[in-house]
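One structure is given here, and the rest of the page talks about it.
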Amino acid sequence: MPLRLMSWMKLFSAAIVIAALLYKIREKSMAESPMPELDPDPWWGPGEREKGDDSVRNFKIAISNQDLDDLKARLSLPLRLTPPLENANFTYGMNQNTLKEIVQHWRLKYDWRKREALLNYYPHFMTKIEGLDIHFMRGSAQTKGAKNIKVLPLLLIHGWPGTFVEFYDIMPLLTTPQEDSNVVFEVICPSIPGYGFSQGSAKQGLSHLETAQIFLKLMKRLGYDQFYLQGGDWGSIIATSMATMYPENILGIHLNMFVANSLGPNLKLILGAILPAGIVVSHEDQEKLYPLTEKFGMFARETGYLHIQATKPDTIGAALNQSPVSLAAYIMEKFSSWTHRDNYKEVNGGLLHKHFPIDIDKILDNICIYWFTGSITTSVRYYAENFSPKAVANNLDSIPCRVPSAMSAFPHDLLNQPKNFIAHKFYDIVSYSDQLVGGHFAAMERPKLLARDFHQFVNTVETREN
């Protein structure tokens, strides 16, 4: 048999197999799972339910001198560090020599009182929802006299190990008029329950589904029945849950770091590794997923924390909450390798390079929020709640999200899926943008890129709706 004919027959056979699998995928995807049922009025606070309080209270970040002196005292203790292996850089995690430099900077140069004043630039508030004090920061829209500018509400959601601190550089790009955009945003930026100034649950079971309900109640309390969503990391998952469960309330959803975890994308992932590029996964999307051994290796290297936090959060929480140096080592290492995948090969993990995209003091602001609020344990418990059998069984991944959606893929993020994978979850993808630079902390690293992409998405949706 001629070689050309054999090759043609192999491709034909492969096409038949793919067609059969895609048919099965489509058949299964059409049988939608029922929407998860949530208690509409749970109580996550300690003890028994108390009388409701719907007030929205002013809040100011004001760390006591006693807490500040305690931090300084702990940072002044002799460091018990183990010399790094020769030429190991960040391949074993946080390099101890780098950690020593960071702690010295934190102790001698970092000025919390100045940073605190900057963090209070935007007004902060507290309100009680389902028994928990929920903190949020607000950025008011400013049209600056520009005509034909539409003001729209936006819920901006952070992730781990981030906080609301992630959004200080992007806030002015969202709240003020931008070139080639006819919209500005009234930004509501809440802290996830158990993160920073938002109270942690006293009871088991508060996952991204329950958080979605809390944040919807927050927006409605503030007078917003319909609004846009933007988020990465946990913010992406919470936003996706909101858009899936409450589509009538969501004008559009924009995500950085996104995943469709259902039968279709997972089968495509396997087929794409076997079949030639272009059949299941386009040539330009190959680097997002393959080679699988390399991608799985990277993912395994970067997600050890996830297994610990999803199984024994209180153990690691106790260790991190005892020492600011330990907390800094744990969180700083994530900012290193999640900003650029090759940073673990660098002597100081890239953190102290002059071209590192996030200022060291901004990362310390973020760490200080965890430290002063003592919230690292409640923040990592969020993993255990979201990987619990109950949370996994909700099967929200298989329920379509039909609101207008946009994805901004930053090349050094932990995970990026191609558009034809994401389409199994998001049925109305307005835009999918491959960014040239940036990693996991997009709002801190590349605020202009993220803001521009978001503005373009919203302008497209608003034009289409009109």
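The table that follows gives values for the structure above.
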item	result
Residue count, segment 163-179 (criterion: crowded, with 20+ Cβ neighbours inside 10 Å and touching a strand residue (DSSP E or B) at 6+ places or on another chain (Cβ under 7 Å))	5
Selected residue (criterion: surrounded by the most Cβ atoms within 10 Å (Cβ to Cβ)) from residues of segment 118-162 that are of a type in the set (Gly, Ala, Ser) and closer than 21 Å to Asp361 by Cα	Gly162
Qualifying residues in segment 387-402 (those that are aliphatic (A, V, I, L, M) and either part of a helix (DSSP H, G or I) or in contact with a Phe, Trp or Tyr (Cβ under 7 Å, 6 or more places away or on another chain) (or both)) - the one surrounded by the fewest Cβ atoms within 10 Å (Cβ to Cβ)	Val392
Residue tally, condition in a helix (DSSP H, G or I) and in contact with a His (Cβ under 9 Å, 6 or more places away or on another chain), over segment 349-366	3
Pair list, Cβ under 7 Å, 6 or more apart: segment 220-247 residue assigned to a loop (DSSP other than H, G, I, E, B) and of a type outside the set (A, V, I, L, M), other residue surrounded by 22 or more Cβ atoms within 10 Å (Cβ to Cβ) and modelled with pLDDT under 95	Asp233/Met257
Subset tally (residues that are among the aliphatic types (A, V, I, L, M), without any contact (Cβ under 8 Å) to a residue 60 or more places away in the chain and in a loop (DSSP other than H, G, I, E, B)) for segment 248-281	1
Near pairs, Cβ below 9 angstrom, 6+ apart or cross-chain, from segment 329-344 (closer than 15 Å to Asp361 by Cα) to any residue that is at pLDDT below 95 and charged (D, E, K, R)	Ser336/Glu346
Check on Val430, modelled with pLDDT of 95 or more, assigned to a loop (DSSP other than H, G, I, E, B) and either at negative phi or not charged (D, E, K, R) (or both)	no
Among residues of segment 330-342, those that are farther than 16 Å from Tyr110 by Cβ and under 20 Å from the mean Cα position of the chain (by Cα), counted	9
Residue match in segment 367-374 (condition: touching a residue at least 40 places away in the same chain (Cβ under 8 Å), within 25 Å of Pro78 (Cβ to Cβ), of a type in the set (A, V, I, L, M) and part of a helix (DSSP H, G or I))	yes
Test: residue in segment 403-420 that is without any contact (Cβ under 8 Å) to a residue 12 or more places away in the chain, out of contact with any Ser or Thr (no Cβ under 9 Å at 6 or more places or on another chain), in a loop (DSSP other than H, G, I, E, B) and hydrophobic (A, V, I, L, M, F, W, C)	no
Complete set of residues in segment 88-124 that are among the aliphatic types (A, V, I, L, M), assigned to a loop (DSSP other than H, G, I, E, B) and without any contact (Cβ under 8 Å) to a residue 24 or more places away in the chain	Ala88
Of all residues in segment 413-466 being among the acidic types (Asp, Glu) and surrounded by fewer than 19 Cβ atoms within 10 Å (Cβ to Cβ), the one that is nearest to the chain's Cα centre (by Cα)	Asp434
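Table: residues versus (1) more than 19 Å from Asn58 (Cβ to Cβ); (2) modelled with pLDDT of 95 or more; (3) out of contact with any Leu (no Cβ under 6 Å at 6 or more places or on another chain).
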residue	(1), (2), (3)
Trp160	yes, yes, yes
Phe164	no, yes, yes
Asp169	yes, yes, yes
Pro172	yes, yes, yes
Val183	yes, yes, no
Val187	no, yes, no
Ile192	yes, yes, yes
Tyr195	yes, yes, yes
Ser198	no, yes, yes
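To keep it simple, each residue is scored yes or no on (1) over 26 Å from Ala62 (Cβ atoms); (2) of a type in the set (Gly, Ala, Ser); (3) in contact with a Leu (Cβ under 9 Å, 6 or more places away or on another chain).
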{"residue": "Arg301", "(1), (2), (3)": "yes, no, no"}
{"residue": "Leu306", "(1), (2), (3)": "yes, no, no"}
{"residue": "Thr315", "(1), (2), (3)": "yes, no, no"}
{"residue": "Asp342", "(1), (2), (3)": "yes, no, no"}
{"residue": "Ile358", "(1), (2), (3)": "no, no, yes"}
{"residue": "Lys362", "(1), (2), (3)": "no, no, no"}
{"residue": "Thr373", "(1), (2), (3)": "no, no, no"}
{"residue": "Tyr383", "(1), (2), (3)": "yes, no, yes"}
{"residue": "Asp397", "(1), (2), (3)": "yes, no, no"}
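Residue-by-condition table, conditions (1) under 16 Å from the mean Cα position of the chain (by Cα); (2) among the β-branched types (Val, Ile, Thr); (3) farther than 30 Å from Tyr330 by Cα:
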position	(1), (2), (3)
Arg138	no, no, no
Trp160	yes, no, no
Leu173	no, no, yes
Phe185	no, no, yes
Pro193	yes, no, no
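The values are calculated or read from the model by the stated rules, or taken from the named source; none is laboratory data. Not measured: the values here are computed from a predicted model. When we count neighbours, we look across all protein chains shown, and the Cβ atoms used for this are built from the backbone with ideal geometry, even at glycine.
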